[in-house]
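Visitor: If you scroll down you'll find the structure; I have some questions about it.
The values are calculated or read from the model by the stated rules, or taken from the named source; none is laboratory data. A quick note: this is a predicted structure, and the numbers were derived from the prediction, not measured. Virtual Cβ from ideal backbone geometry, glycine too; neighbours counted across all protein chains shown.
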Amino acid sequence: MEEKELKEAADLIRRRKKFLVACHVRPDGDTLGSALALANALRQLGKDTVVVSADGVPEIYSFLPDGEDILKETSERAFDVAIVIDCDGIDRVGPALDAVKSARKVISIDHHTNSPPFGDIGLYNTEAAASGEIVLDLIDRLGVTLDERMAICLMTALVSDTGAFRFPNVTPRTFLFAAGLTAAGASASHIARLVYENRSLASARLMGIALAGLKVDKGGDLVWSVLSREDFEKTGAADADTEGVINHIMAVKGARVGLLFREAPDGPAIVSLRSRDSIDVSKVARAFGGGGHAAAAGCIISASLPEAERMALEEARKWMES
Ligand SMILES: [Mn+2]
């Protein structure tokens, strides 16, 4: 990200009045925490601000300060500026796209690699572990003092996009930011507990089924599991309860690529992919119209579960060999 874009964004924000801050569909702690912290800063500057997350706020993130202010949709259209957060592509805002497109100016804030630039100003930094890092830069540039509520939101962004500071995307800057957030009153340990050790019984049981059904190939390099509708029904788990299961698949000794297949209520197979050792699973996801990072990606395959499993594994093996 260039200094120039950051200045342009801050200048534009100072001049305008009515803002839309948009999260991506299937929101995570980064998009939600970043959006809420930025909205808080905008409101402190006296700006009218609407925050939209088409899929709402998952229960796990209900602790986020001001999370109740997030709307699933808005009928308002005459925004001065729409700020789109953590979206690798404008359509990732889902049904909020209409409202975003109605804005006179669009600012995109993102850290995904290969994020297609969109909007009038792009604050892109692929070195940032979370979009929250870029939002922190912007808040700082706007001259807004970080309060405890904002710090909790941004710490959630960092904690959830770094696996509580364990993923290789963590840089010295990430820790510097985390230090500032800690000083402002956010507890990484408390937030990590809320995000990672807060599983419902149904979700834990679904995890058990996924782990009991683990399959391996390529001498243990490739590990995956499959969850059918029946598994969800048996445990009473919802789709959101699969959160984190893929990380446990990747925790198997020797795993370099991990996949979790799950059957969506309406039929298609949802695939989560993870990798290490610089294997780029976003290429696998992209082969099926999905996306994500090199080490964490996802896609939806309109096929039966066994067929999707066969197709995605074939593609994964191809990339592992190249
Ligand atoms: Mn992110």
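Visitor: For segment 4-15, does any single residue satisfy the condition of being under 22 Å from R149 (Cβ atoms), in contact with a Cys (Cβ under 8 Å, 6 or more places away or on another chain) and surrounded by 15 or more Cβ atoms within 10 Å (Cβ to Cβ)?
Guide: no
Visitor: Yes or no: segment 5-28 includes at least one residue that is within 16 Å of the ligand (Cβ to nearest atom), among the small types (G, A, S), within 21 Å of F177 (Cα to Cα) and part of a helix (DSSP H, G or I).
Guide: Filtering segment 5-28 for residues within 16 Å of the ligand (Cβ to nearest atom) gives 21-28.
Checking the rest, the ones that are also among the small types (G, A, S) come to 22.
Right, trim to within 21 Å of F177 (Cα to Cα) and you get none.
No: zero hits.
Visitor: Let me ask something else about it. Identify all residues within segment 156-172 that are closer than 11 Å to A130 by Cβ and not in a loop (DSSP other than H, G, I, E, B); write none if there are none.
Guide: Within segment 156-172, T156, A157, L158, V159, S160, D161 meet the criteria.
Visitor: Moving to a separate point now. Within segment 48-85, take every residue that is part of a helix (DSSP H, G or I) and under 22 Å from A297 (Cβ atoms) and give me the one that is modelled with the lowest pLDDT.
Guide: Result: I60.
Visitor: Test A54 against the criterion of being touching a helix residue (DSSP H, G or I) at 6+ places or on another chain (Cβ under 7 Å), within 25 Å of T145 (Cβ to Cβ), of a type in the set (A, V, I, L, M, F, W, C) and assigned by TED's automatic domain parsing to the domain that holds V135, and give yes or no.
Guide: Values: touching a helix residue (DSSP H, G or I) at 6+ places or on another chain (Cβ under 7 Å): yes; within 25 Å of T145 (Cβ to Cβ): no; of a type in the set (A, V, I, L, M, F, W, C): yes; assigned by TED's automatic domain parsing to the domain that holds V135: yes.
No: the conditions fail for A54.
Visitor: Out of the residues in segment 287-305 meeting the condition of being without any contact (Cβ under 8 Å) to a residue 60 or more places away in the chain and out of contact with any strand residue (DSSP E or B) (no Cβ under 7 Å at 6 or more places or on another chain), tell me which one is nearest to I270 (Cα to Cα).
Guide: Among those residues, the one meeting the criterion is S302.
Visitor: Could you tell me whether segment 87-99 includes any residue that is surrounded by fewer than 16 Cβ atoms within 10 Å (Cβ to Cβ), within 19 Å of L6 (Cα to Cα) and not polar (S, T, N, Q)?
Guide: Looking for residues that are surrounded by fewer than 16 Cβ atoms within 10 Å (Cβ to Cβ), within 19 Å of L6 (Cα to Cα) and not polar (S, T, N, Q), one finds none in segment 87-99, hence no.
Visitor: Hey, which of the strands (runs of 3 or more DSSP E) in segment 231-311, taking only ones fully inside, have at least 2 residues that are over 19 Å from M207 (Cα atoms) and at pLDDT 95 or above?
Guide: Numbers: elements: 257-263, 269-275, 296-301.
Counting at least 2 such residues, we get 296-301.
Visitor: Keeping to segment 86-137, report how many residues are assigned to a helix (DSSP H, G or I) and either free of Cβ contacts under 8 Å to residues at least 24 places away in the same chain or more than 15 Å from the ligand (Cβ to nearest atom) (or both).
Guide: Number satisfying all stated conditions: 11.
Visitor: Check segment 191-205 and report whether any residue there is over 19 Å from T113 (Cβ atoms), assigned to a loop (DSSP other than H, G, I, E, B) and modelled with pLDDT of 95 or more. Let's see the steps before the verdict.
Guide: Filtering segment 191-205 down to residues over 19 Å from T113 (Cβ atoms) leaves 191-205.
Adding the requirement that they be assigned to a loop (DSSP other than H, G, I, E, B) leaves 197-200.
Subsequent filtering for residues that are modelled with pLDDT of 95 or more retains none.
Looking through segment 191-205, none of the residues is over 19 Å from T113 (Cβ atoms), assigned to a loop (DSSP other than H, G, I, E, B) and modelled with pLDDT of 95 or more.
Matching residues to (1) within 16 Å of the ligand (Cβ to nearest atom); (2) surrounded by fewer than 17 Cβ atoms within 10 Å (Cβ to Cβ); (3) within 14 Å of G33 (Cβ to Cβ):
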| residue | (1), (2), (3) |
| --- | --- |
| L158 | yes, no, yes |
| F165 | yes, yes, no |
| N169 | yes, no, no |
| P172 | no, yes, no |
| A178 | yes, no, yes |
| T182 | no, yes, no |
| G185 | no, yes, no |
| R193 | no, yes, no |
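Visitor: Could you list, in sequence order, the residues of segment 29-66 that are of a type in the set (F, W, Y) and within 16 Å of the ligand (Cβ to nearest atom)?
Guide: Passing the criteria: only Y61.
Visitor: Tally the residues that are acidic (D, E) and either more than 21 Å from E68 (Cβ to Cβ) or not in a loop (DSSP other than H, G, I, E, B) (or both), restricting the search to segment 138-155. Lay out the reasoning, then the answer.
Guide: Taking segment 138-155 as the starting set, the residues that turn out to be acidic (D, E) are 140, 147-148.
Among the residues that remain, those that are also either more than 21 Å from E68 (Cβ to Cβ) or not in a loop (DSSP other than H, G, I, E, B) (or both) are: 140, 148.
So the count comes out to 2.
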